[in-house]
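Here's the structure, in structure tokens; my notes come after.
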Amino acid sequence: MNPSRWLFVVAFLTTIFSDIAFGQIVPIVSKVSLGQANENRPLSVTVDLTQNVGVTQALFVYRPFGQSEFRELEMMIQGRAASVSVPAEEVVSPYIEYYVRVIMVGGKIETYPVQNPEINPLKIPIKEPDPKDLEVRLMSPVPGSAVALEDLGIVISFFYATPAVDPKATKVFLDGIDVSKEAVLSDDLLIYSPQNFTFPLAVGQHSIRIELVDTAGNQYHTIQQSFMLSTAAALAAEETRFRGRVDGQAEFRNEALASGSATYLRGDLRANAEYSVFTFGGLMHLDNQDKPTVQPQNRFNIFAQTDWLRLEYGDAYPRFPSLMISGKRVRGFTGSLATGVINIDVSLGETARGIEGLIDSVAAIDTSTTVPPRNSRLLQDTTYEFYTGGSFKRNFLAVRTSFGSYDGTQFGIGFVKAKDDIGSVLRATLPQENLVVGTDFRVALDDERFKWESQASLSLTNTDISGGSFSQADYDQLKQQDQETGDNLEKIGKIAERIITINEFLFPTNPVGQGLPSVAFESALTLNYFNNYIFAAFFRRGASYQSFGNDFLQTDIQGFMVSDRIRMFDNRVYLSVSYERKNDNTADTKQGTTNFNNFNSSLTVSPRNFPAFTLGYGFNDRIAEYDIFDPDSSEQSKFADETTNRFFFGGNYDFVAMGNRQNVSLSVSVADKKDRTFFKADQKNLFFQLNWSTEYRIPLQTVVGFSISNNQNNFQTYTVAGQDSVVSVNSFDYTSISVGARYRFLGDKLRLAADVIPIFGSINRVNFQTGALYIFNERHNLEFFLNFIQNSSQADDTIASLMYRFNF
């Protein structure tokens, strides 16, 4: 057997086996808390970490339904909690798949779930809005707004109503009183003037209920909205009145863990204010763990905005086309001008701070015989210091100009420039530079039922700018080798070096050459008609494409994706299906091409008075079109030939039993990977979770949970080259039980909580949690938290926290 191939096999198996056998045995996440998971609404996610000693970064890794590529969002770490908000456009039913990746000091990576998170990730069910809510629009008053009594008029539009709706039979209720007989139907508008209302309308909140009836006389749908009633004089005074709010919190936390002890002092302050047409505010997060040796832990941001202009300074996450920027934190200035005719987005600042490398040793080097290594620095004469680590400050500039309205037709062009500051630190290697230029186009019609979105970008990257651009001597040397080529390079280089460093480390040399190595483009079409939500897209990203504004983007890939979400049975049943096919080797420069086929499907049923549930199935194929040597059979085996089947069931039921509110949720996910290569790296994963919460008539809430995680990984190993092969099986299984209670005293001023969470199996520990929250008044409260973790194989952990919250 070829020795290099044998070494490859041994290294591959040893690496995987070592990662499984000696990886972490304590889940890095103890709890996941979710906000309202509604489609096309931002989704807040908070995870409780079992520790934050040594944690440098927490990432929320997710993908919407039907997509195979994961995306990343950096989470804000506050104490042992890390939080993030998933953008509204990424929150799409029926679910989002996700896992959490935590990066520790030294680069160690831990994940939740512990084993194989990419194969069997967790799921967040997403509630789809009822399409009937969009059929009838309350044009006036605007829901949730304040309106003067003199200007009050109720106007209902049936423009988007289906033929099944009978506008003439529609009933309108104002504060629960039927005013349908006084309403006038004119074309697609139903108009009611409250001047003739039976009872006088007082200043304050009022409600409007619209009951739709179909052509058969049956109730079709009900919509309810509210508005605030005021006077013209009061509203005029309100517009010129300064309105503000300040809230914050301060935390003291001590952690005595088996891995070490630490004390944390953290504070958060947020302020928001309004005056006339202006809104402004800011936030600040201070952390005593912010050190020059790690990336920033502190955060701050101040902003001011109107309807058409927003200016920010501090930490921001600029929104640009995804091929250029996505999920990147920029510390500096960010601004957005949106006139609907011409729009400008700008972000200027830094995405990483400079961190000095650590000195290892100092020694003399004879440069006449030895070339100093990259990780060395001349001190004097022949004395050099050697160091490890270190990173440069990365400066960042992004500009996008667009024409038209985002709600209609819009065309944009922009660029992203990121460059390491060589002078920011003394000890670091390989400063880099990246340039991306791109264009995008968007058309949205018929209240966004029709959307066509496209974008294309080109990138250049220089992996070492420490020596600067080519000098005249370098160009002269190139001319000696080839005069014509040297002349052309000098002409182009002299112009291009104004925007990016030109030297031998710039790649690719021809960004639009064979296979368009440095070009990325994608186009997507969305159709939302006839109870179908159809999505179709194609994409291509060259092997050399790279944007320092989007770290998670998969490159050297091309393919297409189609999906449909079908609403049935009065929107009580949703059937979702998607298929994606893609392949790598876009420039035909690899040994062969690897093909990927991904299928996903789910059925969501929400019957009246019965549990709602989702049933899902999907598979992922990865097949390489080239072979490698099989040491077991002495024959050729495909480098990759595997199929992963995935099954999912989730259910939820709200009901009342013995006068107490109950909620039961159940989720089961199974992944089964079959590896048909000689690696035989099969995997089986099962995750089962059951939660039952009860809200009693007394101020008591109890929660009981039970979960099982079973993970099996197979590996083909060899004792002698080509002989005595054996399949090793490694299992990682654990069971968790959680019992918790919450009780409210003193008229809800004092709230007590306690949880016990034992874990058995590959993980053996018992987690005891208790806490108390005391509310002094609506503006001040104090919370105490104590967490004791009894470990079976190491010292016990104790975490205590005291937090004060306030608002004005």
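The table below gives the values:
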| read-out | value |
| --- | --- |
| Total residues in region 574-599, condition open to solvent by less than 20 Å² (accessible area, probe 1.4 Å) and within 30 Å of HIS221 (Cβ to Cβ) | 2 |
| Residue, farthest from ALA256 (Cα to Cα), within region 777-795, restricted to residues that are in contact with a strand residue (DSSP E or B) (Cβ under 7 Å, 6 or more places away or on another chain), open to solvent by 40 Å² or more (accessible area, probe 1.4 Å) and assigned to a strand (DSSP E or B) | HIS780 |
| Top-ranked residue of region 661-687 - restricted to ones that are free of Cβ contacts under 8 Å to residues at least 40 places away in the same chain, open to solvent by 20 Å² or more (accessible area, probe 1.4 Å) and over 30 Å from PHE639 (Cβ atoms), ranked as farthest from the chain's Cα centre (by Cα) | ARG661 |
| Flag for ASN503 being under 19 Å from ALA543 (Cβ atoms), open to solvent by less than 70 Å² (accessible area, probe 1.4 Å) and free of Cβ contacts under 8 Å to residues at least 60 places away in the same chain | no |
| Members of region 752-786 found to be touching a Phe, Trp or Tyr at 6+ places or on another chain (Cβ under 7 Å) and not aromatic (Phe, Trp, Tyr), listed by number | LEU752, VAL756, ILE759, GLY761, SER762, ILE763, GLY771, ALA772, ARG779, HIS780, ASN781, LEU782 |
| Evaluation of ILE177 against (1) within 21 Å of ALA234 (Cβ to Cβ); (2) of a type outside the set (Phe, Trp, Tyr); (3) modelled with pLDDT of 85 or more (one fails), failing number | (1) |
| Test: residue in region 212-221 that is part of a helix (DSSP H, G or I) and over 30 Å from GLN794 (Cβ atoms) | no |
| Candidates ALA146, ALA183, filtered to the one that is over 41 Å from the mean Cα position of the chain (by Cα) and on the phi < 0 side of the Ramachandran plot | ALA183 |
| Strands (runs of 3 or more DSSP E) (entirely within region 338-416) containing at least 2 residues that are open to solvent by 50 Å² or more (accessible area, probe 1.4 Å) | 342-352, 358-364, 376-380, 393-404 |
| Near pairs, Cβ below 6 angstrom, 6+ apart or cross-chain, from region 277-300 (more than 30 Å from GLY390 (Cβ to Cβ)) to any residue that is buried (at least 17 other Cβ atoms within 10 Å of the Cβ) | GLY282/ASN301; LEU283/ASN301 |
| Whichever residue in region 125-137 is of a type outside the set (D, E, K, R) and buried (at least 19 other Cβ atoms within 10 Å of the Cβ) and, among such residues, is nearest to PHE613 (Cα to Cα) | PRO125 |
| Some residue of region 199-206 being touching an Asp or Glu at 6+ places or on another chain (Cβ under 6 Å), open to solvent by less than 40 Å² (accessible area, probe 1.4 Å) and part of a strand (DSSP E or B) | yes |
| Exclusive hit being open to solvent by 40 Å² or more (accessible area, probe 1.4 Å), at pLDDT below 95 and either touching a strand residue (DSSP E or B) at 6+ places or on another chain (Cβ under 9 Å) or among the polar types (S, T, N, Q) (or both), set ARG765, ARG744 | ARG744 |
| Candidate set: region 417-439, residues that are in a strand (DSSP E or B) and among the aliphatic types (A, V, I, L, M); chosen: the one farthest from GLY389 (Cα to Cα) | VAL437 |
| Search result, residues across region 440-473 that are of a type in the set (D, E, K, R), under 28 Å from the mean Cα position of the chain (by Cα) and either assigned to a strand (DSSP E or B) or farther than 26 Å from GLY340 by Cβ (or both) | ASP440, ARG442, LYS451, GLU453 |
| Criterion (small (Gly, Ala, Ser) and open to solvent by 50 Å² or more (accessible area, probe 1.4 Å)) met by exactly one of ALA164, ALA146 | ALA146 |
| Test: residue in region 528-548 that is among the aliphatic types (A, V, I, L, M) and crowded, with 18+ Cβ neighbours inside 10 Å | yes |
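The values are calculated or read from the model by the stated rules, or taken from the named source; none is laboratory data. This structure is a prediction, so every number in the text was calculated from the model and none was measured. Methodologically, a virtual Cβ is constructed for each residue, glycine included, from the backbone with ideal geometry; neighbour enumeration extends over all protein chains shown. To get the accessible areas, we keep the full protein, side chains included, count just its heavy atoms, and leave off ligands, DNA and RNA. Shrake-Rupley method; radii C 1.70, N 1.55, O 1.52, S 1.80 Å.
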